[in-house]
Amino acid sequence: MKMFFQKYEPRSLTDFSGNREQIKKILSFLRNWKKQKALLLHGPSGTGKTLSIKIASRDMGMELVESYASDYRGSSAIRDSLLKASSQKSMFYKGKIFLIDDAEALDTTKPIIELIEKSAYPVIIIANNAYEKKLRALHKYCSLIKFDKIPQDEIESKLK
């Protein structure tokens, strides 16, 4: 099944089906990023949240530092890995984008808030439900972008 998705996944942001306004907002955020601000992308699985960031980072020549909250959970692991990388320059790219996926799996948002406050690069957080109680503290630091389910007819026409 994975090969099917790899074969038909968009190669550029213009190839995306659905959520075009959301992608424009992501690009605007990345181009005009200001310190201590982050994005929180949310919506159902399979709507292109993670893939849009992967393609945007590649198109903009930025290194994508990707982490899954479910891999870390605890604040010390996040501090040790992401905070350290947030102050280091990228050797081969114009800059970095920090992507934290599966944010619902976090035990606490404190290290993410610390990353947002100290990072020299944009931070993007992905969750299915941005309004979960434990993620509400992030709202103060993030612009929220809701991804919608992609209509089936759009997917069908793209595959044809």
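Taking amide H positions as modeled 1.01 Å from N, with prolines and chain starts lacking one, the residues under 5 Å from Ile145 and 5 or more places away or on another chain are Leu40, Leu41, His42. Close amide H contacts of Lys96 (hydrogens built in the peptide plane, cut-off under 5 Å, sequence separation of 5 or more or a different chain): Glu63.
Largest accessible area first, the listed residues Tyr68, Tyr141 line up as Tyr68, Tyr141 when surface is computed with a 1.4 Å probe on the assembled protein chains. Taking all Cα pairs closer than 8 Å and separated by 6 or more residues, the relative contact order of the stretch 94-155 comes to 38 percent. For the stretch 120-125, the Karplus equation 6.51 cos²θ - 1.76 cosθ + 1.60, evaluated at θ = phi - 60°, returns couplings of 8, 9, x, 10, 10, 10 Hz by residue, with Gly and Pro reported as x.
The values are calculated or read from the model by the stated rules, or taken from the named source; none is laboratory data. Every value quoted in this text rests on a predicted model; they were computed, and no experiment measured them. Areas reflect the complete protein model, heavy atoms only, side chains present, ligands, DNA and RNA absent. Shrake-Rupley method; radii C 1.70, N 1.55, O 1.52, S 1.80 Å.
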